[in-house]
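Asker: Next up is a structure, given as structure tokens.
Read the figures in this text as sums done on the coordinates, not as results from a lab. This one's a predicted model, so the numbers in the text were calculated from it and none came from an experiment. Glycine also receives a Cβ, built like all others from the backbone with ideal geometry; neighbour counts cover every protein chain displayed.
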Amino acid sequence: MTQKEMTIGYSVYRNPEEFPPQAEALFREAVSALDSAYSPYSHFEVGAALRLSNGIIVRGSNQENASYPTGLCAERTAIFFAGSQYPGEIIEALVVVARRQEETELVPACPCGGCRQAMLEYEERQGRPFPLYFKLSAHDWVSVSSVASLLPFKFDSASL
């Protein structure tokens, strides 16, 4: 048996105003995307915004459906739209925010495993990672320089 360890590097921010300027602008867009969330079942709204290499900002919000799990998370809504409407453009950064329905305060929300897998495949497809920003706790925001940090063992159909 061989035992190995992994470490995850990430940056911690006290608030989004500390983000680099381009990420701070994406934060505002992600908050704006919350207004288009459709979450009548979970009552949990999620917004995402990403910047493409051509300067276009794409927003996404979670879209639920009574026939669970056919809904879609905000992160995948944004990256799938970007991939279909702007093929070949590089995702440069992505910000994710969340709040409870009928509230204004943002709450911690880290991308789910399905979103991590989809984002990681986009990183591999475009040949370079992109930073991801999200709220980790009541007082901390974090960024990772690559989604691979959050999903070190991805699903790979080549191994089937």
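Asker: Could you tell me which residue out of 68, 107, 37 lies farthest along the dipole of region 20-149 toward its positive end? Charges go on the beta carbon: Lys and Arg +1, Asp and Glu -1, centred on the Cα centre.
Answerer: Farthest towards the positive pole: 68.
Asker: In debye, nearest 20: dipole of the chain around its Cα centre with unit charges on the Cβ of K, R (+) and D, E (-)? Let's see the in-between values first.
Answerer: On the way: 13 positive and 19 negative charges, 56 e Å.
Charge dipole, the chain, about its Cα centre: 260 debye, nearest 20.
Asker: Which FRET efficiency value, to the nearest 0.05, is calculated for residue 8 and residue 80 with the Förster distance at 41 angstrom and r the Cβ-Cβ distance? Before the final figure, lay out each step's value.
Answerer: Numbers: r = 26 Å, r/R0 = 0.63.
Calculated transfer efficiency: 0.95.
Asker: Next up: Which distance in nm do the two modelled labels at residue 43 and residue 128 give, with both placed 7 Å along the Cα-to-Cβ direction?
Answerer: Distance between label points: 4.4 nm.
Asker: Counting only GluC sites (Glu not before Pro) that sit in a DSSP loop (anything but H, G, I, E, B) with at most 14 other Cβ atoms within 10 Å, what is the longest stretch of the chain containing none of them? Intermediate results must be reported in sequence, preceding the final value.
Answerer: On the way: sites that count: 5, 102, 103, 105.
Of all site-free stretches, the longest is 6-101.
Asker: What is region 1-134's relative contact order, in percent, from Cα pairs under 8 angstrom and six or more apart in sequence?
Answerer: Values: 227 pairs, mean separation 29.0, N = 134.
About 22 percent, as a whole number.
Asker: Would you tally the net charge around residue 40, using a Cβ to Cβ cut-off of less than 14 Å, leaving residue 40 out, and scoring K and R as +1, D and E as -1?
Answerer: Details: positive: 100; negative: 45, 64, 102.
In short, -2.
Asker: On to the next question. Kindly work out what percent of the DSSP beta bridges joining two residues of the chain are antiparallel, to the nearest 5.
Answerer: Numbers: 23 of 26 bridges.
Restricted to the chain, the bridges split so that about 90 percent are antiparallel.
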